[in-house]
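What follows is a single structure, written as structure tokens, with notes after it.
The values are calculated or read from the model by the stated rules, or taken from the named source; none is laboratory data. Note that the structure is predicted; figures quoted are calculated from it, not measured. Methodologically, a virtual Cβ is constructed for each residue, glycine included, from the backbone with ideal geometry; neighbour enumeration extends over all protein chains shown.
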Amino acid sequence: MSVALPITHGKISQKISFNNPPNPPEISGPTECEIWRSYTYTITITDPDDNPMTKLKVGFGDGTEVLLLASSCCPWPSGTELSVSHRWKRLGDFTVRAKVMDVVGEWSDWGYLNIHVAKVKQPILKFKTERLLSPLFSHLFSFF
């Protein structure tokens, strides 16, 4: 929770507020991914002052970013887990990163998770079976 201290000097009164930014979000989910397949990541947000949070910014390392906004009536309490999904469209190494803003307007540092995106692994048996049986089925169905 934020702390506001009233300070009075003569006839001048002023409030000074102390607020710590939220902690960097913790990102969990798959780190070995296949291209074109959708993956879901869980992002846990916490605040050392136990302040609720209102915005979550997530980048996927491929130029895609999303901004999630809590509803104005119901900001996310500290400890909330949020889910985001993404599908990479090219091969390589990427970094998912996230940061969160509390109700006081302070942004956290970035939290990170490294991802490797590889080609789709096709089962060898399926490939060989389709390759062998496909001409047979084509020939059988040509009679109908």
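Of the numbered criteria (1) of a type outside the set (S, T, N, Q); (2) under 13 Å from the mean Cα position of the chain (by Cα); (3) closer than 19 Å to Asn114 by Cβ; (4) in a strand (DSSP E or B), the one Cys33 fails is (2).
When the range 80-97 is examined, which residues are found to be under 15 Å from the mean Cα position of the chain (by Cα), exposed (fewer than 13 other Cβ atoms within 10 Å of the Cβ) and without any contact (Cβ under 8 Å) to a residue 40 or more places away in the chain?
Matches in the range 80-97: Glu81 only.
If the condition is being touching a residue at least 24 places away in the same chain (Cβ under 8 Å) and more than 18 Å from the chain's Cα centre (by Cα), then the range 98-122 contributes Val103, Val104, Glu106, Ala118, Lys119, Val120, Lys121.
Conditions tested, residue by residue: (1) modelled with pLDDT of 95 or more; (2) in contact with a Pro (Cβ under 7 Å, 6 or more places away or on another chain).
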{"residue": "Ser2", "(1), (2)": "no, no"}
{"residue": "His9", "(1), (2)": "no, no"}
{"residue": "Asn23", "(1), (2)": "yes, yes"}
{"residue": "Ile35", "(1), (2)": "yes, no"}
{"residue": "Thr42", "(1), (2)": "yes, no"}
{"residue": "Asp50", "(1), (2)": "yes, no"}
